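Enquirer: One structure coming up, written as structure tokens, with questions to follow.
The values are calculated or read from the model by the stated rules, or taken from the named source; none is laboratory data. The structure presented is a predicted model; accordingly, all values stated were derived computationally and were not measured. Please note: Cβ atoms are built from the backbone with ideal geometry, for glycine as well, and neighbour counts cover all protein chains shown. Surface accessibility is based on the protein's heavy atoms, side chains included, excluding ligands, DNA and RNA. Shrake-Rupley method; radii C 1.70, N 1.55, O 1.52, S 1.80 Å.
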Amino acid sequence: MAKFTVLVADDDKEIRDGIEIYLRNDGYDVLKAADGKEALDLLATNEIHLLILDIMMPNMDGITATFKIREAQNIPIIMLSAKVEDSDKIHGLSVGADDYVTKPFHPLELMARVKSQLRRYVQLGTYDGQKKVQIDGLVLDEDAKELSVDGKPVKLTPIEYKITELLMKNAGRVFSINEIYERVWNEEAYNAENIVAVHIRKIREKIEADPKNPRYVKVVWGIGYKIEK
């Protein structure tokens with residue numbers, strides 16, 4: 001079994017240490033940071049496979065850190081926050097986070113989300129055995145786990161990749177919001193509309209020449225989303 005390293009960034013030492021205990025009990029290596037800047041420094045000098053990142057931290061907050069990480073890396077990011085408003089969750093997801101956990105949380109729930117994100121991260125592109133899927137200028141390379149548009153590579157987060165892969169490999173089929181959520185997040189959909197919509201918007205911004213008039217990712221009003229054949 002591969003050994004994964006998880007970086008925990010939170011300004012609360014008790015939270016950092018508590019998460020570390022559960023992660024190590026599950027077999028993960030753990031690095032810890034007290035703020036976003038320290039987390040970026042650790043990312044620059046270590047191979048890290050997943051980041052648990054608090055939003056409210058001194059020196060550099062989690063939103064800013066996520067934005068900077070996404071400029072270069074697509075590792076899974078789980079955000080932590082004491083805020084419960086949907087706007088905060090949407091903001092975190094919109095800058096590139098893959099999941100969001102509200103404090104206080106049950107440690108076993110967080111561990112389940114860590115396992116789920118790492119499973120998707122290492123298994124991207126393993127459907128069917130088909131190596132490439134192409135729809136006009138949109139090309140999904142499953143071996144390289146990359147997407148390109150008109151020959152230009154596009155950086156996607158693991159969740160964005162998984163949604164795009166699902167829609168491309170089932171081109172022409174309409175998926176409801178709940179179907180997309182359950183297939184991609186591997187859990188029952190609950191209040192999934194905003195979460196899925198944020199990721200669809202980010203995908204469109206990356207692959208569409210005109211996101212407001214999309215060529216690929218289409219909405220079917222009242223039903224869901226599809227990618228045209």
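Enquirer: Looking only at the stretch 75-89, filter to residues that are at pLDDT below 80 and under 18 Å from residue 64 (Cβ atoms); which one of those is surrounded by the most Cβ atoms within 10 Å (Cβ to Cβ)? Give the steps one after another, and end with the answer.
Expert: Of the stretch 75-89, the ones at pLDDT below 80 are 83-89.
The next check asks that each one be under 18 Å from residue 64 (Cβ atoms); those that pass are 83, 87-89.
Details: 83: 15, 87: 9, 88: 18, 89: 23.
The residue in question is 89.
Enquirer: Hey, does the stretch 57-70 have a residue that's within 20 Å of residue 161 (Cβ to Cβ), assigned to a strand (DSSP E or B) and within 18 Å of the chain's Cα centre (by Cα)?
Expert: Within the stretch 57-70, none of the residues are within 20 Å of residue 161 (Cβ to Cβ), assigned to a strand (DSSP E or B) and within 18 Å of the chain's Cα centre (by Cα).
Enquirer: Can you name the residue in the stretch 171-190 that is of a type in the set (S, T, N, Q) and in contact (Cβ under 8 Å) with a residue 24 or more places away in the chain and is also nearest to residue 71 (Cα to Cα) among such residues?
Expert: First pass over the stretch 171-190, keeping only residues of a type in the set (S, T, N, Q): 176, 178, 186.
Going one step further and asking which of them are in contact (Cβ under 8 Å) with a residue 24 or more places away in the chain, we end up with 176, 186.
Numbers: 176: 30, 186: 27 Å.
Among them, the one singled out is 186.
Enquirer: Can you tell me how many residues within the stretch 26-51 are in a helix (DSSP H, G or I) and open to solvent by less than 30 Å² (accessible area, probe 1.4 Å)?
Expert: We begin by selecting, within the stretch 26-51, every residue in a helix (DSSP H, G or I); these are 36-45.
Okay, now just the ones that are also open to solvent by less than 30 Å² (accessible area, probe 1.4 Å), so 36, 39, 43.
Residues meeting the conditions: 3.
Enquirer: Next up: What's the total number of residues in the stretch 83-122 that are closer than 18 Å to residue 61 by Cα and among the aromatic types (Phe, Trp, Tyr)? Outline the logic, then answer.
Expert: We begin by selecting, within the stretch 83-122, every residue closer than 18 Å to residue 61 by Cα; these are 83-85, 87-103.
Next, only the ones that are among the aromatic types (Phe, Trp, Tyr) stay: 100.
Going through the stretch 83-122 one residue at a time, the tally reaches 1.
Enquirer: Quick check on my filter: what residues within the stretch 104-115 are at pLDDT 90 or above and either more than 23 Å from residue 164 (Cβ to Cβ) or touching a strand residue (DSSP E or B) at 6+ places or on another chain (Cβ under 8 Å) (or both)? Please lay out each step first, then the result.
Expert: So the first thing to find is which residues in the stretch 104-115 are at pLDDT 90 or above, and the list is 105-115.
Answer for the stretch 104-115, where residues must be at pLDDT 90 or above and either more than 23 Å from residue 164 (Cβ to Cβ) or touching a strand residue (DSSP E or B) at 6+ places or on another chain (Cβ under 8 Å) (or both): 105, 106, 107, 108, 109, 110, 111, 112, 113, 114.
Enquirer: Go over the candidates 156, 140 one by one and state the one that is farther than 17 Å from residue 100 by Cβ, touching a residue at least 60 places away in the same chain (Cβ under 8 Å) and not in a helix (DSSP H, G or I).
Expert: Exactly one residue qualifies, and that residue is 156.
Enquirer: Can you tell me how many residues in the stretch 159-188 are more than 21 Å from residue 96 (Cβ to Cβ), of a type in the set (Asp, Glu) and not in a loop (DSSP other than H, G, I, E, B)? So that I can check it myself, show each step before the final result.
Expert: Here is the first cut: in the stretch 159-188, the residues more than 21 Å from residue 96 (Cβ to Cβ) are 169-176, 178-179, 182, 188.
Adding the requirement that they be of a type in the set (Asp, Glu) leaves 179, 182, 188.
Checking the rest, the ones that are also not in a loop (DSSP other than H, G, I, E, B) come to 179, 182.
Adding up the residues that qualify gives 2.
Enquirer: Taking residue 209 as the residue in question, decide whether it is farther than 24 Å from residue 99 by Cα and either at pLDDT below 90 or open to solvent by 40 Å² or more (accessible area, probe 1.4 Å) (or both).
Expert: Details: farther than 24 Å from residue 99 by Cα: yes; either at pLDDT below 90 or open to solvent by 40 Å² or more (accessible area, probe 1.4 Å) (or both): yes.
Yes.
Enquirer: Output the residue which, of all residues in the stretch 212-229 that are in contact (Cβ under 8 Å) with a residue 60 or more places away in the chain and part of a loop (DSSP other than H, G, I, E, B), is least open to solvent (accessible area, probe 1.4 Å). Even if it seems obvious, please write down each step before you answer.
Expert: Initially, the stretch 212-229 is screened for residues in contact (Cβ under 8 Å) with a residue 60 or more places away in the chain, giving 215-216, 227-229.
When the remaining residues are screened for being part of a loop (DSSP other than H, G, I, E, B), the result is 215-216, 228-229.
Values: 215: 119, 216: 6, 228: 70, 229: 181 Å².
The qualifying residue least open to solvent (accessible area, probe 1.4 Å) is 216.
Enquirer: Here are 165, 182: which of them is within 20 Å of residue 73 (Cβ to Cβ) and acidic (Asp, Glu)?
Expert: On the way: 182 fails: within 20 Å of residue 73 (Cβ to Cβ).
Answer to the check: 165.
Enquirer: Residue pairs, Cβ under 9 Å, 6 or more apart or interchain, first in the stretch 3-25 and assigned to a helix (DSSP H, G or I), second basic (Lys, Arg) and surrounded by fewer than 16 Cβ atoms within 10 Å (Cβ to Cβ). List them.
Expert: Close Cβ pairs satisfying both conditions: 15/103.
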